[in-house]
Amino acid sequence: MKFYSTNKKAPVADLHKAVVKGLAEDKGLYMPEVIKALPQEFFDNIENMTFQEIAYTVADAFFGEDVPADTLKQIVYDTLAFDCPVVKVTDNIYSLELFHGPTLAFKDVGARFMARLLGYFIKQEGNEQVNVLVATSGDTGSAVANGFLGVEGIHVYVLYPKGKVSPIQECQFTTLGQNITAIEVDGVFDDCQALVKSAFMDEELNRHMKLTSANSINVARFLPQAFYYFYAYAQMKKKGLADRLVVCVPSGNFGNITSGLFGKKMGLPVKRFIAANNANDIFYNYLKTGEYCPRPSVQTIANAMDVGDPSNFARIYDLYQGNHGAVCADVSGAAYTDEQIAETIREVYDETGYLCDPHGACGYRALKEGLHADEVGVFLETAHPAKFRDTVERIIASEVAIPDKLAAFMQGKKDCVEMSKDFADFKDYLMSR
Ligand SMILES: *Cc1c(COP(=O)(O)O)cnc(C)c1O
């Protein structure tokens, strides 16, 4: 499979290059040249297949030409070492729980897949160590660090702003050891990001060590997210509820929903999608007006969706050839204030006993308000509520139980390297490695 850039000014890349580079030379996002439709027999029988079997069929359509079948199968099966169950919340609203992985958020799926695919490419190249640099304000660092933990040939450096990451998030990448180094930067998130960018541009450093990013726009993190849309459909079909299915995705950078739209192009019988935003309603406004007007993000309680210029808008635009009407035919939108998100968490909890996290709450509410009488909705519960414990406990005024997996991180010993925000210091450190 070849991958082209959404900006159309860079040469096409093979999978290996697209994964190692992440971003095309013209700063565009890579898109597969073909999105293969899956055969009708697959959909006829999908409810009898396991998550891994379904995912391998989808993976084969994107990666099968470039990765041997047994290797790809192994990567898919290792990635999905946990379930993504659909759970009933009300008569017509179901939650696709994507928080059963190691860091309790959906980013585990893409991060684990990318780590294993990159590991395969490195082995093929003769085992020269690759170093992944990732700047994080919280969740990305934990998903990437845990996704790459123990993968041979790769060392991960997670840069995070000192004192600006919640203790629960921090322990998910500072306690791991092995091939993961946490770097606590005396600055803010933007300083961490600037250090990573400078490192990628520094010629001397790049001669000294092989550097790559594990950014969420990477095709190896992005495409595997399609797996669980098919699996959700299979679970709903088994319940006899898949005929008029609406899937609602709490969205920030729009990678997650875009992979669902790829699924629809492959033939997944989802009637329509809803993108649920917080106060960062750039995409919602695009749907209403046809104009895409990015603006600086504002902080909300659903902070993983605080994005003012969603990168993957470029992929959606490309997928629908810029046709606003065609986008609107498949996707509608919604946007909620912090007060509405809090109200929703409280109401769902009081009325059904189901506890949403602030992101999933946006998804639930958009279905509650937007479902037609004959439709059934599934929203993506993108993280476990305990990851946002303080916020959620304040809202429901009772304690949120911490899952064992999360508690185990919190008992680990913190280990990190302290760093100033000067690139010269960061470079010295990496040059000495
Ligand atoms: C990253 C994230 C999102 C947003 O996903 P996008 O792919 O960026 O749209 C939503 N919820 C949670 C919990 C996240 O970590």
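Points to keep in mind about this one:
- The single condition from (1) of a type outside the set (A, V, I, L, M, F, W, C); (2) outside any helix (DSSP H, G or I); (3) touching a residue at least 12 places away in the same chain (Cβ under 8 Å) that Arg315 fails is (2).
- Scanning segment 394-433 for residues that are in a helix (DSSP H, G or I), closer than 21 Å to Thr175 by Cα, open to solvent by 30 Å² or more (accessible area, probe 1.4 Å) and touching a helix residue (DSSP H, G or I) at 6+ places or on another chain (Cβ under 7 Å) gives a single hit, Met410.
- Residues located in segment 306-333, provided they are within 24 Å of Leu245 (Cα to Cα) and either surrounded by fewer than 16 Cβ atoms within 10 Å (Cβ to Cβ) or of a type in the set (A, V, I, L, M, F, W, C) (or both): Phe313, Ile316, Leu319, Asn323, His324, Gly325, Ala326, Val327, Cys328, Ala329, Val331
- Failed item in (1) open to solvent by 20 Å² or more (accessible area, probe 1.4 Å); (2) within 16 Å of the ligand (Cβ to nearest atom), with Lys288 passing the rest: (2)
- Residue within segment 353-363 that is surrounded by 18 or more Cβ atoms within 10 Å (Cβ to Cβ) and touching a Cys at 6+ places or on another chain (Cβ under 7 Å) present: yes
- Complete set of residues in segment 2-30 that are touching a helix residue (DSSP H, G or I) at 6+ places or on another chain (Cβ under 6 Å) and crowded, with 18+ Cβ neighbours inside 10 Å: Phe3, Thr6, Ala18, Val19, Leu29, Tyr30
- Strands (runs of 3 or more DSSP E) fully within segment 201-311 counting 3 or more residues that are out of contact with any Ser or Thr (no Cβ under 8 Å at 6 or more places or on another chain), under 30 Å from His372 (Cα atoms) and at pLDDT 95 or above: 245-250
- Restricting segment 156-176 to residues that are touching a Lys or Arg at 6+ places or on another chain (Cβ under 8 Å) and modelled with pLDDT of 90 or more, the residue that is surrounded by the fewest Cβ atoms within 10 Å (Cβ to Cβ) is Thr175.
- Condition check for Ile93: more than 14 Å from the chain's Cα centre (by Cα), surrounded by 19 or more Cβ atoms within 10 Å (Cβ to Cβ) and without any contact (Cβ under 8 Å) to a residue 60 or more places away in the chain: no
- Considering residues of segment 136-155 that are open to solvent by less than 20 Å² (accessible area, probe 1.4 Å) and not in a helix (DSSP H, G or I) only, the residue modelled with the highest pLDDT: Ile154
- Here the condition is being more than 15 Å from the ligand (Cβ to nearest atom), under 22 Å from Ala111 (Cα atoms) and open to solvent by less than 40 Å² (accessible area, probe 1.4 Å); of Leu268, Leu211, it holds for Leu211 alone.
- Only one of the numbered conditions (1) more than 16 Å from the ligand (Cβ to nearest atom); (2) among the basic types (Lys, Arg); (3) open to solvent by less than 40 Å² (accessible area, probe 1.4 Å) is not met by Arg346, and that is (3).
- Selection count, segment 163-217, where residues are within 23 Å of the chain's Cα centre (by Cα) and basic (Lys, Arg): 2
- Looking only at segment 291-302, and only at residues there that are in contact (Cβ under 8 Å) with a residue 12 or more places away in the chain and open to solvent by 30 Å² or more (accessible area, probe 1.4 Å), the one that is farthest from Ser137 (Cα to Cα): Tyr292
- Which numbered condition Thr391 misses (of (1) away from the ligand (no atom under 16 Å from the Cβ); (2) not in a loop (DSSP other than H, G, I, E, B)): (1)
- Taken over segment 214-264, residues that are open to solvent by 20 Å² or more (accessible area, probe 1.4 Å), in contact with a strand residue (DSSP E or B) (Cβ under 9 Å, 6 or more places away or on another chain) and within 13 Å of the ligand (Cβ to nearest atom) amount to 1.
- Single residue of Leu104, Leu98, Leu133 found to be more than 16 Å from the ligand (Cβ to nearest atom) and open to solvent by less than 40 Å² (accessible area, probe 1.4 Å): Leu133
- Within segment 35-52, one or more residues are over 26 Å from Phe82 (Cα atoms), open to solvent by less than 70 Å² (accessible area, probe 1.4 Å), among the hydrophobic types (A, V, I, L, M, F, W, C) and part of a loop (DSSP other than H, G, I, E, B).
The values are calculated or read from the model by the stated rules, or taken from the named source; none is laboratory data. What you see is a predicted model; the values in this text were computed from it and never measured. Positions of Cβ are backbone-derived with ideal geometry, glycine not excepted, and every protein chain shown enters the neighbour counts. SASA here: full protein model, heavy atoms, side chains in, ligands and nucleic acids out. Shrake-Rupley method; radii C 1.70, N 1.55, O 1.52, S 1.80 Å.
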